[in-house]
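*Asks:* The structure follows.
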Amino acid sequence: MTIKDARTPASTQNEQTSAAQTSAGGEAGKSIGWHKAYIEGSRPDLRVPVRQVHLTNGQSVTLYDTSGPYTDPLVETDVRRGLPPLRENWIIARGDTEEYAGRPVRPRTTGSSTHRRAAACATSTRSSPDGRASPGGPGRAGRHPARVRAPGEITPEMEYVAIRENVSPEVVREEIAAGRAVLPANVNHPEIEPMIIGKRFLVKVNANIGNSAVTSSIEEEVEKMTWATRWGADTVMDLSTGRNIHTTREWVLRNSPCPSAPCRSIRPWRRSTARPRS
């Protein structure tokens, strides 16, 4: 990867925006149209991003923001490092999961037909990360760490989405407990900024991305994801059908500020040349 690959699509504009704000100075520098802001919750590590749009009458409108750290001029992003694990301390503090060793890259599961291609895939990314699961093994990984664990309990994820949706945390808790809403926050994706899907909440948008056996690369898939979230995608679904499927998905997850929709893997296949039995 090159230095250019390591920067996100928003990085260049962020630098120009930051320079414009600095040159204009103070409130005048905010006349560009919008700026990134944060609403703080009940704890220091709970900061909900919003987009402040500046109107011509001098007032501003606060909008829901899905772009993650990529549109914050004060944050330096690098796809090789991934995003900061925003929810890591929240997950550990709950004490209902434990770490387990990650699975090594294999030719069959990554879509590579030869060991040579699989070796190239393994060296092109970080080592397989360790995961978290409920006690008993990775097969029991908690898909919903924000679930209601005790009457009246409100998790950091619930408070986060309550601020995003401009409702009370109690509404979020009641809708989840009643089965009318879902808060997709897998314990193995701590980088996400929590969001909620349900009848009483804002409409959400899903973006489908994925490589193919014909074209696309790992870097291009990460770029697709950053552009999708920049323009309003609340979730991203990977539909890769080409090679290096698991490696591509790992890079996307480590750099995605939004939850991933259920993924599906389709391994490339070749037509058999064997004659049918008579």
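The values are calculated or read from the model by the stated rules, or taken from the named source; none is laboratory data. All of these numbers come straight from a predicted model, not from anything done at the bench. All Cβ positions, even for glycine, are placed from backbone atoms using ideal geometry, and neighbour counts span all protein chains on display. SASA here: full protein model, heavy atoms, side chains in, ligands and nucleic acids out. Shrake-Rupley method; radii C 1.70, N 1.55, O 1.52, S 1.80 Å.
*Asks:* Can you tell me which of (1) in contact (Cβ under 8 Å) with a residue 40 or more places away in the chain; (2) in a strand (DSSP E or B) is the one Met237 doesn't meet?
*Replies:* In the conditions (1) in contact (Cβ under 8 Å) with a residue 40 or more places away in the chain; (2) in a strand (DSSP E or B), Met237 misses (1) alone.
*Asks:* Can you tell me which residues in the range 147-175 are outside any loop (DSSP other than H, G, I, E, B), in contact (Cβ under 8 Å) with a residue 12 or more places away in the chain and either within 15 Å of Arg94 (Cβ to Cβ) or not aliphatic (A, V, I, L, M) (or both)?
*Replies:* Answer for the range 147-175, where residues must be outside any loop (DSSP other than H, G, I, E, B), in contact (Cβ under 8 Å) with a residue 12 or more places away in the chain and either within 15 Å of Arg94 (Cβ to Cβ) or not aliphatic (A, V, I, L, M) (or both): Pro156, Glu157, Met158, Glu159, Tyr160, Arg164, Glu165, Pro169, Glu170, Arg173, Glu175.
*Asks:* Among the residues that make up the range 81-89, is at least one of them within 24 Å of Leu253 (Cβ to Cβ), modelled with pLDDT of 90 or more, part of a loop (DSSP other than H, G, I, E, B) and touching a Ser or Thr at 6+ places or on another chain (Cβ under 8 Å)?
*Replies:* First, the residues of the range 81-89 that are within 24 Å of Leu253 (Cβ to Cβ): 81-89.
Subsequent filtering for residues that are modelled with pLDDT of 90 or more retains 82-89.
Then keep just the ones that are part of a loop (DSSP other than H, G, I, E, B); that gives 82-87.
Filter again for touching a Ser or Thr at 6+ places or on another chain (Cβ under 8 Å), leaving 83.
So far as the range 81-89 goes, yes, one or more of its residues are within 24 Å of Leu253 (Cβ to Cβ), modelled with pLDDT of 90 or more, part of a loop (DSSP other than H, G, I, E, B) and touching a Ser or Thr at 6+ places or on another chain (Cβ under 8 Å).
*Asks:* Now for a separate question. Collect the residues in the range 222-240 that are open to solvent by 30 Å² or more (accessible area, probe 1.4 Å) and in contact with a Lys or Arg (Cβ under 8 Å, 6 or more places away or on another chain), keeping them in residue-number order.
*Replies:* Of everything in the range 222-240, just one residue is open to solvent by 30 Å² or more (accessible area, probe 1.4 Å) and in contact with a Lys or Arg (Cβ under 8 Å, 6 or more places away or on another chain), namely Leu239.
*Asks:* Which members of the range 176-204 meet the condition of being open to solvent by 30 Å² or more (accessible area, probe 1.4 Å), of a type in the set (A, V, I, L, M), in contact with a helix residue (DSSP H, G or I) (Cβ under 9 Å, 6 or more places away or on another chain) and assigned to a loop (DSSP other than H, G, I, E, B)?
*Replies:* Leu202, the sole residue that qualifies.
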